[in-house]
Amino acid sequence: MAEVKELWSKKVAGAVDALAISPDGGLVLAGASDGILHLFDREGKALWSQPTDSQIAALDMSSTGDQIAVGLKSGAVLFIDRGGHIIWRHDAGEPVLSAAISHNGKHILLGTAGGSILFLNHLGKPLWTRKARDAVTAVALSSSANYAAAGSDDTSIYFLDNYTTNMSGKVAWSIPAKGKVQDVAISADGFYTAAASSDAMVHFMDKLGKLYWSHRVENTVASLEMSSSGDYIIIGAAGGAHPGQVCLFHRNEGLMWRYITGQATVGSVDISSTGAFMVAGSQQEEVYLFHRNQKLVWKRKVDGFADAVAISSDGRFTAAGTMKGALSLFDNTPVVEELKARTQDEAELEIGLFRPMRTSAPAFEEEPETPTASQASSPAAASTQQARTGALEAVVDACLLVVLGLIGGVVYFMYNGGIMLEQGLFILVLLLVVMGCLAYLFYTYVIRKPKKKQPSFY
C-alpha cells in the first residue's frame, strides 16, 4: 500500500458537517455543527473563523476560493469572501438543505426544506425560484451555471436550463425515481447528470433527459459525486443489511468495481476532476484513497466518523473531517506521481470551460468499423487504388475530348457535303451514345468521388 503523508491535523469545537477544498489544495473550508466556519491553508494555518447564527447545512467554494456560499438551517444564505467577510446575507424563508456555487463564483443554487430551488447572483439578487413538491435535498450546478440539477423528496430528479433562457431557469425535464432523491451531480459542461435515490438506485442521464442506465446497489446510497467530464461516478453506500461499500461507475460501462469498507456507512465521497482519484470517508473511522484502475491506494484511521471528505482537482490533496471535530489534510503527491504513468488518458479526460458543447452521445461506445474486402487494407493498397483512379480519370478525359472532336468533324463534313445526311446522322447518334457513357464515367469517378467517412468528434 502506498505511503501517505498527513500534512496537519486540527481540532474544532463541533462536528465537521460540511467540507470543501480549493482545486489546488491550498485552502480547506470546514463548517462545524456549532455554526462556525473555519478556513485553513495548506500549511495548517487558521486563516479565519466566522460564526453564524445557525447550524451549517451546506457550503461550496468557487474555483479560486475567493467566493464562498453557505446555507444555514435557519434559512439564511451567506456569501463570504476569502478574507472571511460576509458580503451579503439572504433569507430563503425556510431551512436550506443544499448549496452549489458556479466555477467563477457569480451564481449560487440552493435547495430548501420547503421544496424551493433558488438561484441567486453574486450580488445576492434572486434570479428565479422553482418549486418541487417536497424538500430539495440536493443541488448541482455546471461550471458556468448554464445548467443545474436538483433532487427532491418528492422522488423527482429535475434538470434546469439557464443556457437557452437567459438565466431564467426553465425546468427542461423531470424524471421520477421510485425513492426520495438523496444526491445529484452534474458534469462541468452540464451534459450529464447522475442521481441516487432511497430505493438503492443510481441513475445516469444526459441533458436531453435520456436515461442511459439505472443500477441497483446493495444498500441506500449515502453520497455521490461525478468527475468534471461526466465519465466517472463514485458512490458511497450505507451499512446495514449489507456492508458499507464504495462503487465506481463509468458512463458507458456502468459498474466498474466496488470496494467493501466494512459494516459501517460510507457517508462521504469525492472525485478528482479527471476521475483518476477518489476519496471516501467511512463511519468505521477510516479515510480511503482510490485509483480508478488500481482500486484502493491507501487508507488511514481518523478520530471519529469521517462523514466529510474532499479531494483537490488533481488528486494531490485529501481533506477529511469527523463527527468528533478532527480535521486533517493528507498529501497524495507521491501516489499521484507513482500512478501517473499508468494514467495515460488523463489528458483526454481534462475538460475546459469553453470546449464545444456535445449535441448527442451514444449510450454505449460505438464499435470500430470493420474494413470490407473492397476497402484498402494497408497504406500500399490505398496508394495503388489512388493511382488506378487517377489513371482512369485521365483516360476518361482524353476519350471525351476525342469524341467531341469527332462530333465536330462529322458536323463539318455533313455541312460541306463530304458525308451524306443519313450516314452523318447514324455516326452522330453512335458518337452521342459513346459520349453519354463517357460522361457517366466522368461524373462517377471525377465529379462525385467517394469521400472518406470522418470520425465523430465524440
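The values are calculated or read from the model by the stated rules, or taken from the named source; none is laboratory data. Predicted model, so just to flag it, every value in this text is computed and none were measured. Here Cβ is always computed from backbone atoms with ideal geometry, including for glycine, and neighbour counts include all displayed protein chains.
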Going residue by residue through region 382-391, is there one that turns out to be modelled with pLDDT of 70 or more and assigned to a helix (DSSP H, G or I)? no
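Counting residues that are touching a residue at least 24 places away in the same chain (Cβ under 8 Å) and of a type in the set (A, V, I, L, M, F, W, C), which strands (runs of 3 or more DSSP E) fully inside region 169-266 reach at least 3? Before you say what the answer is, go through the steps one by one.
Numbers: elements: 170-176, 181-186, 192-197, 201-206, 211-216, 221-226, 232-237, 244-250, 254-262.
Ranges flagged: 170-176, 181-186, 192-197, 201-206, 221-226, 232-237, 244-250, 254-262.
Can you give me the number of residues within region 32-54 that are within 32 Å of the chain's Cα centre (by Cα) and under 18 Å from residue 86 (Cα atoms)?
Looking only at region 32-54, we keep the residues that are within 32 Å of the chain's Cα centre (by Cα), and these are 32-33, 37-44.
The next check asks that each one be under 18 Å from residue 86 (Cα atoms); those that pass are 32, 37-40.
Here the count works out to 5.
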Among (1) crowded, with 24+ Cβ neighbours inside 10 Å; (2) over 20 Å from residue 150 (Cβ atoms); (3) over 13 Å from the mean Cα position of the chain (by Cα), which single condition is residue 269 missing? (2)
